[in-house]
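One structure is given here, and the rest of the page talks about it.
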Amino acid sequence: MLRIVLLLIVLLNAACSGGATSVTAPTAPVATTPTPTTPTPPVPAGPPTITITANGMSPLDITIAVGQRVTFINTDVRPHDVVGGVDPAHPECPEIVQMGFLSAGQRGDTGAFMTPGSCPYHDHTALGVPAFSGHIIIK
């Protein structure tokens, strides 16, 4: 009896489709990757940068990862002498000493900061001016 029912189904299907019969296998659902809800921040092209202008440094405080360097760019028309530590002695942050004095239009890179912590810096040519001192935070 089952054979007769199956035969009738095949014949009816053939009659409805113009004589051609085709069997399609069921397809599995396609998995989709969910779209992130927050955009991924772009990867910086180079080391973190602090810009020196006639009005001060920007940003004053910057956070970096262990092993990174910081680039200082002097966009002012006068020279600047960025040093690490707190005046008058500069025993802290020898990584900044490697950068040296920056003439107008010059840029300099610090050494790699290998120890987590906070490294204060200031411009020796603008002592006591808060806009010319900040911190490099190493995490």
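Full extension of the chain between residue 104 and residue 55 gives 16.2 nm of extra length, using 0.36 nm per residue less the Cα-Cα distance. Each label was represented as a point 7 Å from its Cα along the Cα-to-Cβ direction; for residue 97 and residue 139 these points are 2.9 nm apart.
Sorting 60-67, 122-129 by average packing, meaning the other beta carbons within 10 Å per residue, from highest down gives 122-129, 60-67.
Length available on full extension from residue 129 to residue 65: 0.36 nm per residue minus the Cα-Cα distance, which gives 20.3 nm.
No lab work stands behind these numbers, since they all come straight from the coordinates. The structure displayed is predicted, hence computed values, not measured ones. No Cβ is skipped: glycine too gets one built from the backbone with ideal geometry, and neighbour counts run over all protein chains shown.
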